[in-house]
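Each value in this text was obtained by applying a stated rule to the coordinates, not by laboratory testing. Predicted model only: the values in this text are computed from it and were never measured. Note: ideal-geometry Cβ built from the backbone for every residue, glycine included; neighbour counts use all protein chains shown.
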Amino acid sequence: FGLACGQAMSFCIPTEYMMHVERKECAYCLTINTTVCAGYCMTRDVNGKLFLPKYALSQDVCTYRDFMYKTAEIPGCPRHVTP
């Protein structure tokens, strides 16, 4: 019962996440606040798996509805280092 209830209660939701970015050549460590997907969403992977039934290929993964790329520069880097 606990295992079944645990699977049913694991929702795929956006969660706040703090990421730390650093380079040993730079003077600072940059902290980036972002949102990541956490939890489980049902999906199926059927590529190249001809001998297994579809239910055996189900896996719990977290998927994003949309995303965006942003560039951040680490302060305090020497001129020869890409920040």
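Overview of results
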quantity: Relative packing of peptides 14-21, 25-32 - highest average C-beta neighbours within 10 Å first; calculated: 25-32, 14-21
quantity: Stretch gain in nm, segment His80-Arg23, where the contour uses 0.36 nm per residue and the Cα spacing is subtracted; calculated: 19.3 nm
